[in-house]
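A short write-up of the structure that comes next.
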Amino acid sequence: VPQHVWRINLDTPEEAHQNLSFGAADRWWEQTDLTKLILASNKLQCLSEDVKLLPALTVLDVHDNQLTSLPSALGQLENLQKLDVSHNKLKSIPEELMQLSHLKSLLLHHNELSCLPDGFGQLVNLEELDLSNNHLTDIPTSFALLINLVRLNLACNQLKNLPADISAMKSLRQLDCTKNYLETVPSKLATMASLEQLYLRKNKLRSLPEFPSCKLLKELHAGENQIEILNAENLKHLNSLSVLELRDNKIKSVPDEIALLQKLERLDLANNDISRLPYTLGNLPQLKFLALEGNPLRTIRRDLLQKGTQELLKYLRSKIQDDVTNPNEEPPVTAMTLPSESRVNMHAITSLKLLEYSEKQAAVIPDEMFNAVGSNPVATVNFSKNQLNEVPPRIVELKDSLCDVNLGFNKISSISLELCVLHKLTHLDIRNNFLTSLPEEMEALTRLQVINLSFNRFKVFPSVLYRILALETVLLSNNQVGSIDPLQLKKMDRLGTLDLQNNDLLQVPPELGNCETLRTLLLEGNPFRTPRAAVLAKGTAAVLEYLRSRIPA
């Protein structure tokens, strides 16, 4: 920083030395002291202690430089209200900074801070504090004294816990703890009466805190954690909640109390383990966005999920009517009601046409499951997450009605001929098994639309798939597939989605560009050199166009 900048309040300007007559506007001796200094986006490696010569500063902005430390003289700028030192290389903050009692905004994000001075609580007038993208492992307990703080950003640090004392921040409206290592949230957080937005995404939470006092909480973001249970207690006090984001967790059921959230506008439950929903969800008056994809929902058809929120809510409302007119049906299982302990769920077989025996770690499916089916037409079988070594032979008994089979997450190393006679099959999920090949007899599955073979051990694209012309989706990611035949693929004229991510493709044949029915082609994570990542990032249409341009004339 040029020296005359620091001395701007002290030195007479150049023109004063020339013998000129001054107009009213140029009366330099009446100028006020400098109040704002912006040095952002330069290459400063240090700031001079001479900063103390600018005592009237209210704003100092040095973001996006290469500062590794701050001068202790900053502590003398007693009028400073905003200090932005973000996007530097600061490893620590001088204790003297804690003397800035008028400071309202302190921006320290994107530095290399691993600890903060204990006296942080002295900054009592602070309203905005951004500490995101540092290396902090804990927060000083004196944070509790920051009672005027409105926004606190702690995202992208290495925090394992939050001090319960921060609940004393009675003005706090926005708290962002995204992307840390939090396993729990202090229960006292629930007493923060002003809190409106709480971000807890990308942590290691196993459950949600209860919020008895957070009457103003409008947004709760807790996606990408390990939350398994959603309780009535978590929800029933959140009268003001408009956004509830819980995607990418392990939630198994949604309590009926969700219907109490009358102001809810966005509900994101994508990629959980939810198998059924309370129909009362359909009655939420403000709900505009509902995401459910990536759940093993059994009561809602796949095509319905794709029609959008309003259609889905209409369907749920229609089912409430059914429940009223048909009270003998079993109510939806929620966190409040435990499913019956019996192994065979007759309700599922008769009403939902579903035969389910999953997550039992079983080596074989008990005969009583198949015996229970009797003459009921079963459309869906879910035997996933067991220890099966083979396709259960008795599955053949269901061949006249079975459309959807899930055998994912087992130890199946080959497909038996029993599966090949299920002539009505439209969806087959055998991800996460030990398969290396598929039998040619699978050609008989002429109605098969979707097959998921991800996380198996295929070294080549199974040739029989080229001959199942009804296929619309082929998921083969995370195998060891080394090559594909584009001429055969072109004959699959209904194929819209082909996922070959994380395989061993050394090259992508240019003729693949002629497969113009493909809407989604995923090739990331393969060892080929072209097309380059920049082309892949542009999406399927661009990749196909690029491949076509490489076809030799």
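Annotations
- Qualifying positions in the stretch 84-100 - over 32 Å from the mean Cα position of the chain (by Cα) and either among the hydrophobic types (A, V, I, L, M, F, W, C) or open to solvent by 50 Å² or more (accessible area, probe 1.4 Å) (or both): I93, E95, E96, L97, M98, Q99, L100
Yes or no, residue by residue, for (1) in the same structural domain as L475 (by the TED database); (2) outside any helix (DSSP H, G or I); (3) loosely packed, with under 13 Cβ neighbours inside 10 Å:
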position: E511; (1), (2), (3): yes, no, no
position: E516; (1), (2), (3): yes, yes, yes
position: V535; (1), (2), (3): yes, no, no
position: A541; (1), (2), (3): yes, no, yes
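- Conditions (1) open to solvent by 10 Å² or more (accessible area, probe 1.4 Å); (2) touching a residue at least 40 places away in the same chain (Cβ under 8 Å); number of the one not met by E397: (2)
- Picking from residues in the stretch 34-75 that are under 18 Å from L126 (Cβ atoms) and not hydrophobic (A, V, I, L, M, F, W, C), the one that is most open to solvent (accessible area, probe 1.4 Å) is H63.
- L498 satisfies every condition listed in (1) assigned to a strand (DSSP E or B); (2) touching a helix residue (DSSP H, G or I) at 6+ places or on another chain (Cβ under 7 Å) except (2).
- Pairs where the first residue, in the stretch 337-364, is closer than 18 Å to N386 by Cα and open to solvent by less than 70 Å² (accessible area, probe 1.4 Å) and the second is assigned to a loop (DSSP other than H, G, I, E, B) and at pLDDT 90 or above, C-beta under 6 Å, 6+ apart: L355/V378; Y357/I365; Y357/F383; S358/S384; S358/K385; A362/N386; A363/Q387
- Some residue of the stretch 371-381 being open to solvent by 50 Å² or more (accessible area, probe 1.4 Å) and among the small types (G, A, S): yes
- The set of residues in the stretch 101-122 that are in contact with a strand residue (DSSP E or B) (Cβ under 7 Å, 6 or more places away or on another chain) and assigned to a loop (DSSP other than H, G, I, E, B) comprises L103, K104, L108, H109.
- Cβ-Cβ under 9 Å pairs, at least 6 apart or on other chains, the stretch 118-131 side more than 17 Å from C177 (Cβ to Cβ), far side small (G, A, S) and in a loop (DSSP other than H, G, I, E, B): Q122/S101; L123/S101; V124/S101; N125/S101; E127/S171
- Residue in the stretch 493-504 that is more than 33 Å from the chain's Cα centre (by Cα) and modelled with pLDDT under 95 present: yes
- The residues in the stretch 430-452 that are open to solvent by 30 Å² or more (accessible area, probe 1.4 Å) and of a type in the set (A, V, I, L, M, F, W, C) can be counted, and the count is 3.
- The set of residues from the stretch 1-16 being modelled with pLDDT of 75 or more and not in a helix (DSSP H, G or I) comprises V1, P2, R7, I8, N9, L10, D11.
- Filter result (open to solvent by 30 Å² or more (accessible area, probe 1.4 Å) and more than 12 Å from F461 (Cβ to Cβ)) within the stretch 474-489: L475, N478, L487
- The number of residues in the stretch 281-321 being within 29 Å of F383 (Cα to Cα) and in a helix (DSSP H, G or I) comes to 9.
- Residues satisfying the stated conditions in the stretch 93-116, i.e. touching a Ser or Thr at 6+ places or on another chain (Cβ under 9 Å) and either without any contact (Cβ under 8 Å) to a residue 24 or more places away in the chain or more than 14 Å from N134 (Cβ to Cβ) (or both): P94, E95, E96, L97, H102, E112, L113, S114, C115
- Per-region count, the stretch 219-239, residues closer than 19 Å to L284 by Cα and free of Cβ contacts under 8 Å to residues at least 40 places away in the same chain: 9
The values are calculated or read from the model by the stated rules, or taken from the named source; none is laboratory data. Note that the coordinates shown come from a computational prediction; the quantities given were computed from them, not determined experimentally. Every residue, glycine as well, gets a Cβ built from its backbone with ideal geometry; the counts of neighbours run over all protein chains shown. The protein model used for the area step is the full one, side chains on, heavy atoms only, and it has no ligands, DNA or RNA in it. Shrake-Rupley method; radii C 1.70, N 1.55, O 1.52, S 1.80 Å.
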